[in-house]
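Each remark here refers to the structure printed beneath this line.
The values are calculated or read from the model by the stated rules, or taken from the named source; none is laboratory data. Quick caveat: nothing in here was measured; it's all calculated off a predicted structure. Quick reminder, even Gly has a Cβ in these numbers, built from the backbone with ideal geometry, and neighbours come from all protein chains shown. Just so you know, the surface numbers come from the protein's heavy atoms only, side chains and all, with ligands and any DNA or RNA stripped out. Shrake-Rupley method; radii C 1.70, N 1.55, O 1.52, S 1.80 Å.
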Amino acid sequence: MGAKIANNYELCIINYKLFIIFAAVIDRQTIDRIMEAANIVEVVSEFVTLRKSGSNYKGLCPFHNERTPSFVVSPARNTCHCFGCGQGGNPVSFIMEHEQMTYPEALRWLANKYHIEIKEREMTSEEREAENMRDSMYIVNEWAATYFEDLLHNNTDGNAIGMQYFRSRGIRDDIIKKFRLGYDLADGQALPKTAKAKGYKDEFLVATGICYRRERDNMLIDRYAGRVMFPWIGMNGKVVGFGGRKLDAATKGVQQKYVNSPDSEIYHKDQQLYGIYQAKKAIAREDCVYMVEGYTDVIAMHQCGIENVVANSGTALSIHQIRMLHRFTNNIVLLYDGDAAGIHAAMRGTDMLLAEGMNIKVLLLPDGDDPDSFARKNTAEGFKQYIAEHQTDFIRFKTQLLLNGVTDPIKRSEAINSIVQSIAVITDPVVRATYLNDCVQLTGINEMTLITQMNKMIRARREEKEMQRTQPSTINPQPSTINHQPSTINPQPSTINPIEWIMGELVVRYGERIILHDIQDDNGQTIDTSVAEFLVYSLQEDDLRLQSEEIWRILCEAAEKSADRSWRAEQYFLQHEDITISQLAQKLATERVLLSEKLQKNYTDKELFNKTQHVLLDFRMNYITNRMREIEKEIKLNTNDNTKMQELMKEYMDMKTIQKELAKEIGKKMI
């Protein structure tokens, strides 16, 4: 059994999207030393005033405004958790969230605090090549940004042309420096000549997109010649790309006033947001982000005193961008001008925002104004007051927009279906019900009619996801594009099946506990079986696995680790090297962190075995029920195929028999 679990564990890890390169190649032993040394009370105390509360500590949450302390720090588990907003984790994840650092940066911060020398492991040749390429591109981009800045401030043309443009937009010197704005000479060969004279290689000038090769003579040409420059600065503070704006009369009637960096190893437009580096702390502090369209909109709002603002530069929001923002806040205000283009921009990507659990408000500025011009006319207080008074809940905005003046029954029904579709993607059932109630009030449609239609859409969406999940992936991961840090996206309990969530709780809290003693394996050897081993082995026997990759990984890893009887699941997963797993484990263990030792449930081995058996029965029942629903749908689609119908009916009856047996077993366990 142990070998079977180990083999499955290896397959599980291969299939799981594991980030295998940790902390800019910080040595594994050094990471372990940092994790062992970092004391959650000492770390949190640097930022929060804590008071003893039983065996734990309490304080006001640093991640949201509150008057009554709900931020609990557990020294026994070396974790923290806010029972108001849900933020928390181990020392590393706390520093990542509070200081807006990457995983490697947080490790280095803790290493410095505890005077631990950073040791780096030897990279493989492939890792070294990829890392050198990326590092070289960052270095070239940094040099180019400094080059453009220097030209703007110290070159005659830079002052006369570039600076004059920024002055005409009313941009102050401090804001110019804050966003590292610059100017590029009109001579298309000046930059590559200067770069090569400084020792920068052609391949990196081309790889970053700063230059391109002219077809007719293969000469290196500056992509941004004669433009004012807007550097894109990533979350880590490094320059990842550029946007250049044309200045002369040629812009009149020309669509492409801006030229942006092409995709590269370090820049993907759908994974970046302009202004995120300058805005991230303000977004976390204000618990809100304003989304605008362009560079100058972001810059003007900063100058006005509003810093929690980013731009998606005229493209639809991607999942990556949404999740980047979700790290800092659940609240987003789409801030666009009131013309047709602004309305269209406000509608793009909103269903994805809702599906990711974001709370959306929309504000269309008065006709003739965009965020840039409006910010220049108002103070920060005046702008914020206007936003507060005029922003509209997205569903209400969409309803008013699509139904305003529409009397044709067909067009009206299409509009209402579009509104219900947006509500259907919301995962929180309470929020979904609230929006649906608003929709009833605004449209006058019977509530049951809307609920029925919404449920159809939800089912269709789930079926589509299930089909996508069961389709074999054809995408081959490229080593050169692997993110060199673990994911920082918090797994959301609402997206994990409740039964699988309970399995995760069992394993994190009791994974190492022995619940079967002196059991014989396939070879006749007597072994003890832990909670984790029993769960994984039982699922494997029926060729089943969980839908949640994170929970499945926890189960498989615990089954493999618990062969060492000194291993402890809760401690291991709370301090896990993958920040995604440690944050999920912290949520799974939250109840035990909150309760005092007297109130915590202490299961006997028999009680724990019964609980584990029961959750397995529930999982099997859920699987059988879902499969029967799938068969029912297949039967409807194959009414003209007698052979297929007989096969489906036989499988359905077999499933029905198993369902009855499972119901009996579940009934016995409940007695």
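On average, how much accessible surface per residue is there in the stretch 129-175, in Å², for a 1.4 Å probe, leaving out ligands, DNA and RNA?
Details: 2280 Å² over 47 residues.
That works out to 48 Å² for each residue.
If the cut-off is 17 Å between C-alpha atoms, which aspartates and glutamates fall inside it for residue 196, apart from same-chain ones fewer than 8 positions away?
Candidates past the 8-residue exclusion: 142, 184, 187, 222.
With a 1.4 Å probe and all protein chains left in place, how much of the accessible area of the stretch 367-469 comes from carbon and sulfur atoms, in whole percent?
C and S atoms contribute 50 percent here.
Within the stretch 256-310, what whole-number % of the accessible surface is contributed by carbon and sulfur, with the 1.4 Å probe and all protein chains included in the calculation?
C and S fraction of accessible area: 39 percent.
Once you have the Cα-Cα distance between residue 186 and residue 160, take 0.36 nm times their residue separation minus that, and quote the gain in nm to one decimal.
Using 0.36 nm per residue and subtracting the Cα-Cα distance, I get 8.1 nm.
Going through the cross-link list 587/611; 238/281; 611/660; 456/587, which pairs have a Cα-Cα distance over 23 Å in this structure?
456/587
Give the average over all directions of the projected area of the C-alpha convex hull of the stretch 126-240, one decimal, in nm². Intermediate values should be presented prior to the final figure.
Numbers: hull surface 33.0 nm².
Averaging across all directions leaves 8.3 nm² for the Cα convex hull.
Note down the magnitude of the dipole of the stretch 32-89 about its Cα centre, charges +1 on Lys and Arg C-beta and -1 on Asp and Glu C-beta and zero elsewhere, to the nearest 20 debye.
260
What three numbers, in Å, describe the spread of the alpha carbons of the stretch 326-468 along their principal axes, ordered from the longest?
Extents along the principal axes: 48, 41, 25 Å.
Rolling a 1.4 Å sphere over the protein heavy atoms, what is the accessible area per residue of the stretch 258-337, to the nearest Å²?
On the way: 2380 Å² over 80 residues.
Here the residues of the stretch 258-337 average 30 Å² of exposed surface.
How much of the accessible area of the stretch 69-206, probe 1.4 Å, is carbon plus sulfur, in whole percent?
Details: 3040 of 6260 Å².
On the stretch 69-206, the fraction of accessible area on carbon and sulfur atoms equals 49 percent.
Nearest 20 debye, what's the magnitude of the dipole of the stretch 91-248 about its Cα centre given +1 on Lys and Arg Cβ and -1 on Asp and Glu Cβ?
Taking the Cα centre of the stretch 91-248 as origin, the dipole is about 520 debye.
Any chance you could list the semi-axes, whole Å, largest first, of the equivalent ellipsoid that the Cα gyration tensor gives for the stretch 209-337, using √(5λ)?
29, 17, 12
Net charge near residue 85: determine it from the other residues with C-beta under 10 Å of the C-beta of residue 85, scoring Lys and Arg +1 and Asp and Glu -1.
With Lys, Arg at +1 and Asp, Glu at -1, the net is -2.
Between residue 452 and residue 150, what's the calculated FRET efficiency when r is the beta-carbon distance and R0 is 45 Å? Round to 0.05.
That pair, residue 452 with residue 150, gives E of 0.10.
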